[in-house]
1. Could you sort Cys209, Cys132 by accessible area so the largest value comes first, with the probe set to 1.4 Å?
2. Give me the extension gain from Gln395 to Phe55: residue separation times 0.36 nm, minus the current Cα-Cα distance, reported in nm with one decimal.
3. With a probe of 1.4 Å, find how much accessible area region 247-364 has per residue, and write the answer as a whole number in Å².
4. Where does region 1-156 land on Rg(C-alpha)/(2.2 N^0.38 Å)?
5. Give, rounded to the nearest 20 debye, the magnitude of the charge dipole that region 1-90 has about its Cα centre when Lys and Arg contribute +1 at Cβ and Asp and Glu contribute -1 at Cβ.
6. Using R₀ = 41 Å, calculate the FRET efficiency as 1/(1 + (r/R₀)^6) where r is the Cβ-Cβ separation of Arg387 and Gln72; round to 0.05.
7. Measure up Lys259/Lys283; Lys7/Lys259; Lys283/Lys354; Lys259/Lys354; Lys67/Lys354 against 20 Å on the Cα-Cα distance and list the ones that go over.
8. If you project the alpha carbons of region 305-345 onto the principal axes, what extent comes out on each, in Å, largest first?
Amino acid sequence: MHWQNFKQQYLVRFWSPFSAVIAAGILSTYYFGITGTFWAVTGEFTRWGGHLLQFAGMHPETWAYFKVIGLQGTPLDRVDGVMILGMFAGCLSAALWANNIKLRMPQHRVRIFQAVLGGIIAGFGARMAMGCNLAAFFTGIPQFSLHAWFFALATAAGSWFGARFSMLPVFRVPVKLQRVHAVQPLRQQEGQARRRFRLGMLIFVAFVCWALALTFDAPKLGIAALFGVGFGLIIERAQVCFTSAFRDLWLTGRTQMAKAIIVGMAVSTIGIYSYVQLGVAPKILWAGPNAVIGGLLFGFGIVLAGGCETGWMYRAVEGQVHYWWVGLGNIVGATLLAAWWEDLTPFLVDDFEKVNLLARLGPQGGLMATYAGLALSMLAVLWWEKRFFARKQAQQEANQQADQRPALAKETA
């Protein structure tokens, strides 16, 4: 009985996004302290694009971008590579546990166009800024890198434009209504659910055993794979999508995910600070126009595509074909940026510093500045939420008054 309760509560039901994002912040802190790198995915996806070009007979390893991020070996030889494989294993296991896998095709060709184009724009922007919603935002800000603040603010602005653009009539797909004569109750196929749960457990246990075995030959790789499983479980069970955090602000006024992300970064910040004081070097990147332009493109692209890097990963394994196209677009966009990097760096990167807030403001000053920035971000989100719903209520009252005027005029007459 206890097992059934545990299974339903933690393996089948969705988790609270707020608690899950905080857990992701804590997990990413330990990931940094143990592996020396941050939780990131688009850099590895760019390498995958490079490998595909190598298979096609090209030599992207000579490109300047791949000399910066590296293209040696295979995904099985790299920390980011095995971590991402772990994320996919974790997502797939979690989706199978909950019987949350079903092949769902895009409703219209316009959606495929949005997925591919948005994915390309987001992938291009993410790699221009040297990070996506993870490395240049969720894990970048706690690393005390100024470029992550530039990227975050630009992403918010880009998502606003993306929200407005995606509401244009051309993207409003007609909905096909089907007439029914009676309400059909939802039926859970118990046999299928049991088989999928067992398959999910098999994949989970097999990957964890492989990762544990890997730690004997390459400890850092094995540990990264285990962390990847944890990240995958969190994002799928809690449906963590950074796109919704930005898009919902502008379209619906919902702020739950945005608040959770800010709190998650606040929790992670003190942990990263402690590791830095112990001698683990933070990842600091260029605080130049590349971070701003990259953020604008990334924010616009993820809203147009309907998903960010973490979002498309778990939705893809759940069988949502739309997000297969988003993932493909991400890899294409990131690879295009790698090809054009040498042409862009003289204007966007070369003359700008890698600003470490801890080094620039001092350890206590950098920590206080980061928390001040997060506090201001939370206040801005709360102010926007209050303003959004106040305006919505005022609009509803104005509409009600407008509806009542004809009736009053008729009674007066």
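The values are calculated or read from the model by the stated rules, or taken from the named source; none is laboratory data. Not measured: the values here are computed from a predicted model. Because the Cβ atoms are built from the backbone with ideal geometry, glycine has one as well, and the counts that use them run over all protein chains shown. Surface accessibility is based on the protein's heavy atoms, side chains included, excluding ligands, DNA and RNA. Shrake-Rupley method; radii C 1.70, N 1.55, O 1.52, S 1.80 Å.
1. Ranking Cys209, Cys132 by accessible area, largest first, yields Cys209, Cys132.
2. That works out to 116.6 nm of additional length.
3. 39
4. 1.23
5. It comes to approximately 260 debye.
6. So, using R0 = 41 Å, E works out to roughly 0.25.
7. Listed pairs above 20 Å: Lys259/Lys283; Lys7/Lys259; Lys259/Lys354.
8. Taking the Cα atoms of region 305-345, the three principal extents are 38, 14, 13 Å.
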